[in-house]
Structure formats: structure tokens, C-alpha cells
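Structure record follows, encoded as C-alpha cells.
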Amino acid sequence: MFTSNDFQLFIKFYDIKNNESMCYHYSIGNRYGYSQKVVDLIIDEIEKNHSIILHIKQELLKAKK
């Protein structure tokens, strides 16, 4: 199962909000839209490594220290 929390982990880990080809910020409502490239990236990463979510969580925890 892939949750919205998992999606947010990908956004943070890959710094997608700062990649204009993958993300658009709508100033009205302060919302973000994401391109098909994000979906493709997530699918590719999960296919390559079924434990990618755990890996991302571990790497983000290391970065906090």
C-alpha cells in the first residue's frame, strides 16, 4: 500500500518542490501540483527497490542528526 505520507517522503527526499519540471506552486490557495514525471519517478524507484520507503525514511532520519 502506498499512502499520502509515502508520497510526501518522496517529495522531501527528492526535493521535488524545487524542481520546476516536476512541481508547480499555485499561489492562490498555496497548493502544489505535480507532473506525470513524479509518478514515473516513484514507480521506477519502487520497481528498482521494493524497500525504497524504508530506505528514504532512514536517510531522512540520518539527515536530521
Just how much of residue 41 is accessible, in Å², when a 1.4 Å probe is used and the result is rounded to the nearest 10?
40
Just to verify a number: FRET efficiency for residue 26 and residue 2, C-beta to C-beta distance, R0 = 22 Å, to 0.05?
0.40
Answer in debye to the nearest 20: the dipole magnitude of the chain about its Cα centre, from +1 Lys/Arg and -1 Asp/Glu charges placed on Cβ, is 380
Per residue accessible area of the chain, 1.4 Å probe, in Å²:
79
Could you order 7, 13 by accessible surface area, starting with the largest, using a probe radius of 1.4 Å?
13, 7
Provide the per-residue ³J(HN,Hα) series for segment 39-53, in order, calculated from phi with Karplus coefficients 6.51, -1.76, 1.60 and θ = phi - 60°, each as a whole number of Hz, with x at glycine and proline positions.
4, 4, 4, 4, 4, 4, 5, 5, 5, 6, 9, 5, 9, 4, 4
May I ask you to evaluate 6.51 cos²θ - 1.76 cosθ + 1.60, the Karplus curve with θ = phi - 60°, for each residue of segment 17-23 and list the ³J(HN,Hα) values in order in whole Hz, giving x for glycine and proline?
5, 9, 10, 5, 7, 10, 9
Below 17 Å, Cα to Cα, which lysines can residue 64 reach? Residues fewer than 8 away in the same chain don't count.
12
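Hey, any idea what % of segment 4-65's accessible area is carbon plus sulfur with a 1.4 Å probe? Could the numbers behind the result be given before it?
Values: 2460 of 4770 Å².
Here carbon and sulfur together make up 51 percent of the probe-accessible area.
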Aspartates and glutamates whose Cα lies under 19 Å from that of residue 57, excluding same-chain neighbours fewer than 8 positions away:
6, 15, 44, 45, 47
What does the helix-only formula give at 222 nm for the chain: each DSSP H stretch with n ≥ 4 adding -39500 (n - 2.57), the total divided by the residues, and the result rounded to the nearest 500 deg cm²/dmol?
-17000 deg cm²/dmol
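The values are calculated or read from the model by the stated rules, or taken from the named source; none is laboratory data. Predicted model only: the values in this text are computed from it and were never measured. As a convention, Cβ positions derive from the backbone with ideal geometry for all residues, glycine included, and neighbour counts pool all protein chains shown. For accessibility, only protein heavy atoms count, side chains too; no ligands or nucleic acids. Shrake-Rupley method; radii C 1.70, N 1.55, O 1.52, S 1.80 Å.
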